[in-house]
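The values are calculated or read from the model by the stated rules, or taken from the named source; none is laboratory data. Since we're looking at a predicted model, the values are computed, not measured. For neighbour counting, all protein chains shown are included, and Cβ atoms are generated from backbone atoms with ideal geometry for every residue, glycine included. Areas reflect the complete protein model, heavy atoms only, side chains present, ligands, DNA and RNA absent. Shrake-Rupley method; radii C 1.70, N 1.55, O 1.52, S 1.80 Å.
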Amino acid sequence: MQTQPTASHFINGAYVEDTEGTPIDVIYPATGAVIGRVHSATPAIIDHALNSARTAQAAWAAMTGTERGRILRRAADIMRERNHDLSVLETFDTGKPYQETSVADATSGADALEYFGGMAATLTGEHIQLGEDWVYTRREPLGVCVGIGAWNYPTQIASWKGAPALACGNTMVFKPSETTPLCALKVAEILHEAGAPAGVYNVVQGLGDVGAALVSDSRVDKVSLTGSVPTGRKVYAAAASEMKHVTMELGGKSPLIIFDDADLENAVSGAIMGNFYSSGQVCSNGTRVFVQSGIKEAFLARLAERLGKAVIGDPQDPETSFGPMVSESQMEIVQGYIAKGQDEGARLVTGGARLDRDGFYLEPTVFADVTDGMTIAREEIFGPVMAVLDFEDEAEVLARANDTEFGLAAGVFTRDLVRAHRVVAGFEAGTCFINSYNDAPVEAPFGGVKASGVGRENSKAAIEHYSQVKSVYVRMGDVEAPF
Ligand code: NDP
């Protein structure tokens with residue numbers, strides 16, 4: 001497959017290159033081979049992208065929601081038709097197994113385009129009668145939105161941000177992570193092919209400095225970031241200085257609580273989905289797995305058995321169920337955490353080593369006897385490392401589950417549904433699961449509380465973050481004045 005893109009950036013309906021920008025090599029995580037090269041955006045490229053988005057916005061907003069929605073839905077159809085090729089590319093970009101990318105990336109992007117495309121025509125204001133007078137509201141776009149993505153779900157993030165933004169009549173400049181620059185270009189190409197006018201959805205490549213330049217530019221009205229908490233703090237502060245709107249989808253260290261009465265097989269499946277999908281590189285992962293003492297040994301034994309069935313190998317092979325880390329540096333970060341876990345006295349149940357092969361492969365790793373103060377129980381690792389902690393009772397575990405600066409997600413496995421709802425009500429987290437983990441349908445709001453974020457993606461809730469309400473008072477009679 002051709003992995004070298006036509007050019008680095010997609011601006012104003014066309015691929016654009018500027019080789020003055022710092023070169024960024026695209027590395028295939030499964031082999032370490034260079035499979036492409038793009039260039040970071042120069043000031044001239046950033047200028048071109050922002051001007052194009054600004055210029056295109058008024059005409060895009062002036063189209064009816066039905067017309068905009070039709071384009072988004074057409075883009076969704078194209079994305080589904082090309083799912084195979086897009087999934088292969090996503091696997092080259094991220095190293096995630098094709099077994100995952102073929103069902104979780106372009107398909108998820110298409111869901112967002114379809115959902116918000118369908119919603120575009122329904123976005124209306126309201127009428128408020130006040131005696132003879134009345135107020136009506138207009139739901140208006142924000143203007144130019146900047147999207148900045150992490151490297152774990154490049155197609156999905158580019159679509160989850162683009163679809164609601166465009167549905168509301170905004171235009172977008174999207175910057176993917178420099179680690180995974182390929183897939184967002186395809187999203188731009190497909191939207192253009194589906195009929196989005198030039199300048200409506202643009203992609204520029206670059207490192208953090210390009211993101212920073214976009215965030216602080218006065219032509220930008222809103223910033224939506226998917227990234228780590230430290231980056232989120234910087235971007236939020238820069239956006240605040242110009243009073244820009246923000247959505248922050250940041251990291252987590254989410255709890256997954258498994259009570260004695262849980263269905264063991266489902267609890268193990270949930271813990272696997274919440275720790276090892278995408279080699280553990282998922283923001284909402286339930287990486288602190290609290291297991292009640294009565295089920296602990298059975299849980300660990302079954303977990304180790306199930307992990308032994310992971311098919312680790314060439315991620316393009318549809319049989320492979322566990323792939324490499326996205327980059328050498330991310331692998332090294334995770335190895336550092338594994339070493340810390342051992343140094344601080346956690347019990348290594350399985351995994352822990354790098355695989356003796358090309359690429360950035362780590363074994364799925366489980367630590368037991370983890371205590372709350374250990375580094376692996378406090379910091380986001382963003383790799384295939386599960387920490388299993390013991391607990392005895394509900395009140396104790398809930399307090400410990402919430403004792404973190406993060407609040408992205410949380411889950412509970414129990415057959416006692418009254419308890420499940422009680423525990424979920426007590427979670428300090430934006431996205432919760434009962435007897436499941438890590439489902440992210442477009443119909444459901446997704447996002448975090450506390451340091452894990454601001455705002456929600458997906459669902460009707462996203463509309464609030466990509467539009468603003470104008471209130472119009474209409475007087476039907478004379479105006480009274482004091483003098
Ligand atoms: P980073 O925070 O390092 O980077 C995120 C994006 O921000 C990248 O495109 C990066 O560019 C860019 N960036 C970096 N510095 C700045 C800056 N000063 N101004 C503007 N943009 C900047 O995250 P990672 O890419 O390492 O992704 C992993 C993190 O993302 C994890 O913490 C994870 O939890 C979180 N995440 C959150 C999700 C959620 O929905 N809540 C979903 C997925 C991931 P570049 O990388 O090119 O330097």
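For first residues located in region 457-469 and in a helix (DSSP H, G or I), partners that are of a type outside the set (G, A, S) and within 13 Å of the ligand (Cβ to nearest atom) and lie 6+ apart or on another chain with Cβ distances below 7 Å form the pairs A461/P445; A462/R456; H465/T247; H465/R456. Checked against the criterion of being buried (at least 23 other Cβ atoms within 10 Å of the Cβ), at pLDDT 95 or above and part of a helix (DSSP H, G or I), the candidates D111, D93 yield just one match: D93. Looking across region 178-200 at every residue that is farther than 17 Å from A49 by Cβ and small (G, A, S), the one that is nearest to the ligand (Cβ to nearest atom) is identified as A194.
No other residue among S224, S228 is surrounded by 24 or more Cβ atoms within 10 Å (Cβ to Cβ) and at pLDDT 95 or above apart from S224. Looking across region 232-246 at every residue that is in contact (Cβ under 8 Å) with a residue 60 or more places away in the chain and surrounded by fewer than 24 Cβ atoms within 10 Å (Cβ to Cβ), the one that is nearest to the ligand (Cβ to nearest atom) is identified as G232. When the residues of region 270-291 are filtered to those that are β-branched (V, I, T) and within 13 Å of the ligand (Cβ to nearest atom), the one that is farthest from A395 (Cα to Cα) is V282. Kindly indicate whether any position in region 205-216 is open to solvent by less than 10 Å² (accessible area, probe 1.4 Å), under 23 Å from A461 (Cα atoms) and either under 17 Å from the mean Cα position of the chain (by Cα) or more than 7 Å from the ligand (Cβ to nearest atom) (or both). The answer is no; no qualifying residue exists.
Residue by residue, here is whether (1) closer than 21 Å to S284 by Cα; (2) touching a Gly at 6+ places or on another chain (Cβ under 6 Å) holds:
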| residue | (1), (2) |
| --- | --- |
| Q330 | yes, no |
| V334 | yes, yes |
| G345 | no, no |
| L348 | no, no |
| G352 | no, no |
| T365 | yes, yes |
| V370 | yes, no |
| I376 | yes, yes |
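Might you let me know whether region 128-142 holds any residue that is at pLDDT 95 or above, basic (K, R) and more than 15 Å from the ligand (Cβ to nearest atom)? The answer is yes, given that some residue of region 128-142 is at pLDDT 95 or above, basic (K, R) and more than 15 Å from the ligand (Cβ to nearest atom). Looking at this structure, is M248 modelled with pLDDT of 95 or more and on the phi > 0 side of the Ramachandran plot? So M248 does not fit the description; no. Give the residue that is farthest from the ligand (Cβ to nearest atom), with candidates limited to residues of region 217-231 that are within 21 Å of S467 (Cα to Cα) and among the β-branched types (V, I, T). Applying the filter and picking the extreme gives V220. How many residues does region 263-280 contain that are on the phi < 0 side of the Ramachandran plot and either buried (at least 23 other Cβ atoms within 10 Å of the Cβ) or β-branched (V, I, T) (or both)? Here the count works out to 8. Can you find a residue in region 51-65 that is surrounded by fewer than 22 Cβ atoms within 10 Å (Cβ to Cβ) and either part of a loop (DSSP other than H, G, I, E, B) or at pLDDT below 95 (or both)? Yes, region 51-65 contains at least one residue that is surrounded by fewer than 22 Cβ atoms within 10 Å (Cβ to Cβ) and either part of a loop (DSSP other than H, G, I, E, B) or at pLDDT below 95 (or both). Restricting attention to region 114-158, the residues that are small (G, A, S) and either free of Cβ contacts under 8 Å to residues at least 40 places away in the same chain or surrounded by fewer than 24 Cβ atoms within 10 Å (Cβ to Cβ) (or both) total 6. Number of residues in region 66-88 that are within 27 Å of Q4 (Cβ to Cβ) and open to solvent by less than 10 Å² (accessible area, probe 1.4 Å): the value is 4.
This table checks each residue for (1) open to solvent by 50 Å² or more (accessible area, probe 1.4 Å); (2) modelled with pLDDT of 95 or more; (3) of a type in the set (K, R).
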residue	(1), (2), (3)
F290	no, yes, no
K296	no, yes, yes
L307	no, yes, no
S329	yes, yes, no
Y337	no, yes, no
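Residues of region 382-394 that are open to solvent by 10 Å² or more (accessible area, probe 1.4 Å) and in a loop (DSSP other than H, G, I, E, B): F382, E392, D393. The set of residues in region 442-454 that are within 15 Å of the ligand (Cβ to nearest atom), open to solvent by 60 Å² or more (accessible area, probe 1.4 Å) and assigned to a loop (DSSP other than H, G, I, E, B) contains only P445.
Filtering region 410-437 to residues that are more than 11 Å from the ligand (Cβ to nearest atom), in a loop (DSSP other than H, G, I, E, B) and not hydrophobic (A, V, I, L, M, F, W, C) leaves T414, R415, D416, E428, N435, S436, Y437.
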